[in-house]
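See below for the structure under consideration.
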Amino acid sequence: MLSDAATLLRELFPPRLHSRLLLVGGSVRDSLSGLPVSDIDLISDIPEETLLLLHFRRVEGKTTAPIFFKSDPVFGKIEITLLRKDQQLEDDLRRRDFRCNAVVMSLDGSITDPLGGVPDINQRRLLPCGAASLTDDPIRIFRAFRFAADGWEIGAELDGMIGSGSWDEALAKIPVERFSREMIKALGGISPELFFSCMLKFGVGRCYLPELFMMQDIPAGPPAYHGDATLLSHSLATLQRMAVMSGDTIARLAAFFHDLGKLSTPSELLPRHIGHDMAGVEMALQLAIRLRLSSLQRNALMAASRLHMTGARWVQLRDATKLKLVERARKAGIAAFFPQLVAADHGNEHELAGWETMLQVVSYPATSLGLDAAQLESMNAPDRSALISRMRLQIYRQLVSRQKI
């Protein structure tokens, strides 16, 4: 609750400064929407030296104004933007992105809304704060797409501003990490596929994600399996289905890009995509490097590309092969959602029977399999790995036999 945030701020700052603190941005928007408040944004005219004495840290943005930052274990980030001596509150608000983020609340709960953001919040509608809202910071375009992925409407004025601009040159100067943050946040939305659909609708973001625009012209596969679907429509549908099954942003990221390797198929071989799973591993790696994704996200993208075709053949696999697949998925960090990935890819339940039991077995350390530690240490790596695999297979079959009794 925002009242809890106000209580925290009263404790952080001496009473003489309380009247100089104004809550703004997402914390106010979420509070008025009845949502939990996490990060806290403030506007203030408190002198910089006072903030430093209160253990706030000045952070210089590459493409944004400096802020003063402090971390709180409950509310996360506390960020303060300082009003310049010659600047009025409304001037600051007009320089912000959307009217819904330009509503101000004092610590006693009083609302100031000179731009009309409260009605926008009530209608979940995005409108710009001013004529320069996007040109001041074009990454706000992707923030709008992220809001759209969470059920907000892009209002007519904002729609026109995005559609009438030529953004490639300006976006190319902005660090890719800022785009990636918006994309990952959008993947946590109620309709994450709309983030990518908006990029395509407005033709924005090719400099960051050229693969998305290439997907439109590639068939998803032979008509017998994919009908007339393109790689784009199949990837969007896979993401939609995964969003129903999992709220994990990494699961959703892997779902959307699982067929990335199909972009490498020579045109003369289309609509077949032979070996696209292996081709996708390197493409996923390069995508993750370019977008500055985390190691967890990178590993998930690579493993989803490499393993999803094997998962689709689950019922045809021998138990030993299934165990190897489960172990690879576990090492890559995608075991928890891999069955859902396969189901989302195929648009059906596509149950991987025995997956949870196998995951339990491959989680056992070698020493708990009844193997002698000294014996294992004396073996070469291939023989040791083969022995561990045989023991795990034996234990799995024992567990399955007990379950049938």
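Of Thr367, Ser401, Ala381, which is farthest towards the positive pole of the range 364-405's charge dipole, taken about the Cα centre with +1 and -1 on the beta-carbons of Lys, Arg and Asp, Glu respectively?
Ser401
Under a point spin-label approximation (7 Å from Cα along Cα-to-Cβ), what is the Ser385-Tyr225 distance to one decimal in nm?
2.7
For the range 1-123, just list the percent of Cα-Cα distances falling in each 10 Å bin from zero outward, please.
13, 48, 35, 5, 0
Using the number of other C-beta atoms within 10 angstrom as an exposure proxy, rank Thr238, Thr265 with the fewest first.
Ascending Cβ contact count within 10 Å gives the list Thr265, Thr238.
For Leu22, which sequence-distant residues (separation of 5 or more, or a different chain) have an amide H within less than 5 Å of its own amide H, given hydrogens modelled in the peptide plane?
Amide H neighbours of Leu22, under 5 Å, 5+ apart: Ile43.
Would you please give the residues with an amide H less than 5 Å from that of Ala335, counting only those at least 5 places away or on a separate chain, with H modeled from the backbone geometry?
Arg330
Ordered by packing density, taken as the mean number of other Cβ atoms within 10 Å over each peptide's residues, highest first, how do 149-158, 394-403, 367-376, 190-199 rank?
190-199, 149-158, 394-403, 367-376
What's the local net charge at Asp383, with K and R +1, D and E -1, over the other residues with C-beta under 13 Å away?
For residues surrounding Asp383, the net value is +1.
Given an 8 Å cut-off on Cα distances and at least 6 residues of separation, report the relative contact order of the chain as a percent.
9
Mean 1/r over all different Cα pairs, inverted: what Kirkwood radius does the range 155-268 give, in Å?
Here the Kirkwood hydrodynamic radius works out to 15.3 Å.
When the helices in the chain are scored as -39500 (n - 2.57) per DSSP H run of 4 or longer and the sum is shared across all residues, what 222 nm value do you end up with, to the nearest 500 deg cm²/dmol?
Result for the chain, helices only: -15000 deg cm²/dmol.
Counting only residues 5 or more places away or on other chains, whose amide H sits under 5 Å from the amide H of Arg125 once H atoms are built in the peptide plane?
HN-HN under 5 Å from Arg125: Glu153.
Pulled fully out, how much extra length does the chain show between Glu60 and Ser166, if you take 0.36 nm times their separation in residues and subtract their Cα-Cα distance?
Full-extension gain reported as 35.4 nm.
What length, rounded to one decimal in nm, is gained on full extension from Arg181 through to Ile289, with 0.36 nm per residue of separation minus their alpha-carbon distance?
Additional length available on full extension: 37.5 nm.
In the range 118-154, which residues have a backbone nitrogen under 20 Å from the label point lying 7 Å from Leu89's Cα in the Cα-to-Cβ direction?
Residues 118-122, 129-130 qualify, since their backbone N sits under 20 Å from the label point.
So for each of 159-168, 282-291 I average, over its residues, the number of other beta carbons within 10 Å; can you give me the resulting order with the highest mean first?
282-291, 159-168
Step through the residues of the range 186-203 one at a time and calculate ³J(HN,Hα) from phi using the Karplus curve (6.51 cos²θ - 1.76 cosθ + 1.60, θ = phi - 60°), rounding each to whole Hz and writing x for Gly and Pro.
4, 5, x, x, 6, 9, x, 4, 5, 4, 6, 4, 5, 4, 6, 4, 9, x
Can you compute 3J(HN,Hα) from phi for each residue in the range 111-121, using the Karplus curve 6.51 cos²θ - 1.76 cosθ + 1.60 with θ = phi - 60°, rounded to whole Hz and x for Gly and Pro?
Couplings: 9, 10, 9, x, 9, x, x, 4, x, 4, 5 Hz.
Output the peptides 31-40, 75-84 sorted from most to least packed, where packing is the average of other Cβ atoms within 10 Å over each peptide's residues.
75-84, 31-40
Which distance in nm do the two modelled labels at Ser38 and Ser363 give, with both placed 7 Å along the Cα-to-Cβ direction?
Inter-label distance under the simple model: 2.6 nm.
Sort His55, His234, His226 so that the residue with the fewest other Cβ atoms within 10 Å of its own Cβ comes first and the one with the most comes last.
Ordered from fewest to most neighbouring Cβ atoms within 10 Å, His55, His234, His226 come out as His55, His226, His234.
Let me know the Rg and Dmax you get for the range 242-286 when you use only its Cα atoms, in Å.
12.5, 38
7 Å from Cα along Cα→Cβ at both Asp136 and Ile190: what's the point-to-point distance in nm?
2.9
Could you derive backbone 3J(HN,Hα) for the range 170-185 from the dihedral phi with the Karplus parameters 6.51, -1.76 and 1.60 (θ = phi - 60°), listing whole Hz in sequence and x where the residue is Gly or Pro?
5, 5, 4, 8, 9, x, 4, 4, 5, 5, 4, 4, 5, 4, 5, 4
Could you state, as a whole-number percent, how many of the C-alpha pairs of the range 324-389 are farther apart than 18 Å?
The share of Cα pairs beyond 18 Å in the range 324-389 comes to 48 percent.
Over all Cα pairs of the chain, how is the pair count split among 20 Å bins, expressed in % and running from 0 up to the last occupied bin?
23, 45, 27, 5
Any idea what diffusion coefficient the range 364-405 gets from Stokes-Einstein, in µm²/s, Kirkwood Rh on alpha carbon pairs, 4 °C, 1.567 mPa s?
For the chosen part, D equals 117 µm²/s.
What does the net charge come to around Leu301 if you take all other residues with beta carbon closer than 15 Å to its beta carbon, with K and R at +1 and D and E at -1?
+2
No value in this document is a laboratory result; all are computed from the given coordinates. Computed from a predicted structure; not experimentally measured. So basically every Cβ, Gly included, is an ideal-geometry build from the backbone, and we count neighbours across all protein chains shown.
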